[in-house]
Structures are given as C-alpha cells and as structure tokens.
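Working notes, beginning with the structure itself.
The values are calculated or read from the model by the stated rules, or taken from the named source; none is laboratory data. Treat the numbers as computed from the prediction; the structure is a model and nothing was measured. Note that each Cβ is placed from the backbone with ideal geometry, even for glycine, and that neighbours are counted across all protein chains shown. Surface accessibility is based on the protein's heavy atoms, side chains included, excluding ligands, DNA and RNA. Shrake-Rupley method; radii C 1.70, N 1.55, O 1.52, S 1.80 Å.
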Amino acid sequence: MKYTSKLGQALKQTVQRNTKRSKTVVGLVDTVIGGYRAATKIGAWREPPRDILPKYIQAFCRKSARALGVEIVEVEPLPKTHALWVSNHVSWMDIPVIGSVSPAFFLSKAEVEKMPLMGPLARVAGTLFINRGSGDASTVAEQMTTFLKKGYSVVFFPEATTTDGKKIKRIHGKLLQSAIDANKPVQPVVLCYVNSKGELDDTVPYYGGISLKQSLMGVIDGETVTAYVLPLAELSTTGKTRSQLTDELQKHMQQGLQELHSRVLTQQPKAD
C-alpha cells in the first residue's frame, strides 16, 4: 500500500507538471501570435512606429512574463524619461520584466534580426541592432549615442553578466559614454524576484553553470514568482567623466537594490 501511495503521488506530480508546461506553451504561443497581429495592426512591418511602440512592447512583455509564471510589480511608478536606462541583471527573464515597464528600446546583436520567429518580432519592436564587429565597446557606444540623439531611449545591463540578485557586481562603464556624448541622463532601475515566502527566489536567477534549457524549465516548473522593479533617481551626465559617472552609478544601484530588498523581502539575503 505504501508503494502504491508513492507511485500515485509521483504520477499526480507528473500530470500536474505536464499540465503546467502545456499551459505555459499555449500562453507563449498565444503571446507570439498576438505580437504578430499587433505588428500588422500598427504597420510595424514597414517601419516600426517608435512613438507608439512602447505600449505594445510593454503589453507583449508582460503577457510573456505572466505565461512563464512571473507577475510584475512596480514598487514606484516608472518615469518616461528619455535617457540611457540601466538595470541590474539576474536572468534572461529581465528582458520581459524591464520591457513591460520601461519606455526604452533594447539593444541586440545584429545577428538576432536574422533569427526565425523572434528575429522579425525584435525588428518590429524597434530593437536597436548593434553591429558589434570585433566587440569594440567604443564602436557600440557611438551607435548608442546616435540612437539617443535621435530621441530613442535605450536600455542595457552594465554588470555585463547575470548574478544571484543579492548585490550589484562591478559595473562596466564604457557604454555610459553614449549618455555623456548625447547629453542625456542615466535612468537606473533595480529589480528582484521574490517567492511566495517573501524571500529571494532561487529558480529565476540564471548564472553559474546552469544551462539555458535548465533555467527555462526551472522557471516553467516552479511556483509563481513576483518581479519587483524600483526606479531610482536619474543621474545627470553633465560635467562628469565616464569614470565619475560609473562610480556614482555603482553606489546608486547598490543602495537602490538594498532599499528594494528592505521594502519587498521578509528576510534579507545573507552576504556571500
């Protein structure tokens, strides 16, 4: 009887897991189809209408996150600042989370535009495709400066890698030069993922040796998670060197992340 009970429990869990996975797939497919329909409706296949695109991008990103079991909460209303936006980086999930609340356009490698299915969606979403070439950061910064001067807000992750979400890693400031050269402010935001116990979630962070497939399945099979996003005060670039701006942003984001944790967590993360 004990063996039968364990077998029944295992079977039940398998059915529940597969049902959840099926719902997620259906939700994501529905989101992509909706994205293609919206792009057709607003004529984005000819030329992305950047003046109205943000609200469509936000709807698409929020629906994508919800399909993956992540609810998004703005701890404070996010501004509509025309700026170089920056965020801490915890997971691939950061893209739909930040995209759901920010008016900024994402940066992406030019190769992404040629990818099937997601490439066309990225293009009609007004993604700013960067020709990285040799990977020279100065060249990328120059392209970002041009985008900013044209009136397009841009968002990137200055840590240049994902983390466990407990603290801000060393910020790489080379791309901040674009905001200085365009005479635009830097608009920082910080985010964290919280489980039902009010603790930092450990399934969404994508770092270390975990594969993308393992990370994706962990998110799909896990419980609903809440992504909290907190906007910080914008930083002026006027009269500052890149080094000064980098140091200021480092301190600003670390203090901001600590504040976010104090406001949304029931238990503060332990220092490594």
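Can you give me the % of accessible surface on region 1-264 that is carbon or sulfur? Probe 1.4 Å, all protein chains present, nothing else counted.
Values: 7430 of 13620 Å².
Its accessible area is 55 percent carbon and sulfur atoms.
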So if we plug the beta-carbon distance of Glu71 and Lys114 into 1/(1 + (r/R0)^6) with R0 = 35 Å, what FRET efficiency do we get, rounded to 0.05? 0.60
Long-range amide H partners of Asp201 with built H, under 5 Å: Tyr193, Val194, Asn195
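Could you work out the relative contact order of the chain, using alpha carbon pairs under 8 angstrom and six or more residues apart, expressed as a whole percent?
Values: 446 pairs, mean separation 60.7, N = 272.
Averaging sequence separation for qualifying contacts and normalising by length gives 22 percent for the chain.
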For the chain, dividing by residue count, accessible area per residue (probe 1.4 Å) in Å² works out to 53 Å²
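What FRET efficiency comes out for Lys149 versus Glu47 if R0 is 25 angstrom and r is the Cβ-Cβ distance? Round to the nearest 0.05.
Values: r = 19 Å, r/R0 = 0.76.
Working from the Cβ atoms, E equals 0.85.
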Dipole magnitude of region 1-264 about its Cα centre (Cβ charges: Lys, Arg +1; Asp, Glu -1), debye to nearest 20: 740 debye
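May I ask you to compute the full-extension gain from Gln268 to Thr241, defined as 0.36 nm times their residue separation minus their alpha-carbon distance, rounded to one decimal in nm?
Working: separation 27, 0.36 × 27 = 9.72 nm, distance 3.44 nm.
So the chain would gain 6.3 nm between Gln268 and Thr241.
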Lys80 versus Thr40: modelled label distance in nm, points set 7 Å from Cα along the beta carbon direction: 2.9 nm
Between Ile72 and residues 5 or more places away or on another chain, which pairs have amide H atoms under 5 Å apart, with H built 1.01 Å from N, and which residues are they? Ala227
What distance in nm lies between label points placed 7 Å from Cα along the C-beta direction at Thr19 and Lys251? 5.4 nm
Using 0.36 nm times the number of residues separating Gln258 and Glu223, minus their current alpha carbon distance, what extension gain do you get? 10.1 nm
Compute a Gaussian network model of the chain, connecting alpha carbons closer than 10 Å, and tell me which residue from Gly119, Gly173, Gly208 fluctuates the most. Gly208
Residue-averaged 222 nm ellipticity for the chain, from DSSP H runs of 4+ at -39500 (n - 2.57), nearest 500: -14500 deg cm²/dmol
